[in-house]
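Derivation of every value follows stated rules applied to the coordinates shown; laboratory data play no part. Since the structure is predicted, the reported quantities are computational estimates derived from the model, not experimental observations. Positions of Cβ are generated from backbone atoms using ideal geometry, with glycine treated the same way; all protein chains shown enter the neighbour counts.
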Amino acid sequence: MNESCAIPLIEPYCETAGDVARGVIRLFARNDIWCLAEMPLRNGRRADLMGVDAKGRIVIVEIKVQRGDLLGDAKWPDYLDFCDRFYWGVPPGLDRAPLESESHRPDCCGVIVADGYDAQILRPAPLLPLAAARRKCEVERLARTALRRLTTGLDPECTGWGVSD
């Protein structure tokens, strides 16, 4: 066969973190949970997705698209102090077996499988309520961050002139 006529091998499609985030955001929007990507937390960590449901409860999703990243992440428990529900967001092809191990605490973490189009909750996250004062503080920080991003998106020159939270 003439090599110039050979059918090229097609790499299997691999979701990126952005694809997984998009699917989770769509799932959450249908369920009246509105979230923000890359939300800085007061402990120096950054939540991949942080949102608020219709009852004011905070949800955090940590996205992992590679097995090595999932296995090597020792910082994820630091997110639990900032949310009422915690989920792992993973693409369909990722081996989810580690999420069932004690090191990933399946008793307090939900699992969402997502691609660039949609998502499905495979294991619901249990509700582990924050103290009311902590929740109020975090919801306000989330709202202010979202408003800042919206404002600077509309007017990049409006940076707050040194004002911070």
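Some notes on this structure:
- Placing R0 at 41 angstrom, the Cβ-Cβ distance between Asn43 and Tyr117 gives a FRET efficiency of 0.80 after rounding to 0.05.
- Cα-based helix-to-principal-axis angle, 132-154 vs the chain, degrees rounded to 10: 70 degrees
- Distance between the modelled labels on Thr151 and Ala131, one decimal in nanometres: 2.9 nm (7 Å Cα→Cβ projection).
- Think of the chain as having a plus end and a minus end, set by charges on the Cβ of Lys, Arg, Asp and Glu; of Pro92, Pro129, Gly116, Pro129 sits farthest toward the positive end of this dipole.
- Convex hull of the range 103-165 built on C-alpha atoms - directionally averaged projected area, nm²: 7.4 nm²
- Folded to 0 to 90 degrees: helix 17-30 orientation relative to the chain principal axis, Cα: 60 degrees
- Diffusion coefficient, µm² s⁻¹, Stokes-Einstein with Kirkwood Rh over alpha-carbon pairs of the chain at 25 °C and 0.890 mPa s: 142 µm²/s
- Based on DSSP H segments of at least four residues, each scored -39500 (n - 2.57), the chain has a per-residue ellipticity at 222 nm of -8500 deg cm²/dmol.
- Computed about the Cα centre, the dipole magnitude for the chain is approximately 740 debye when only Lys and Arg (+1) and Asp and Glu (-1) carry charge, each at its Cβ.
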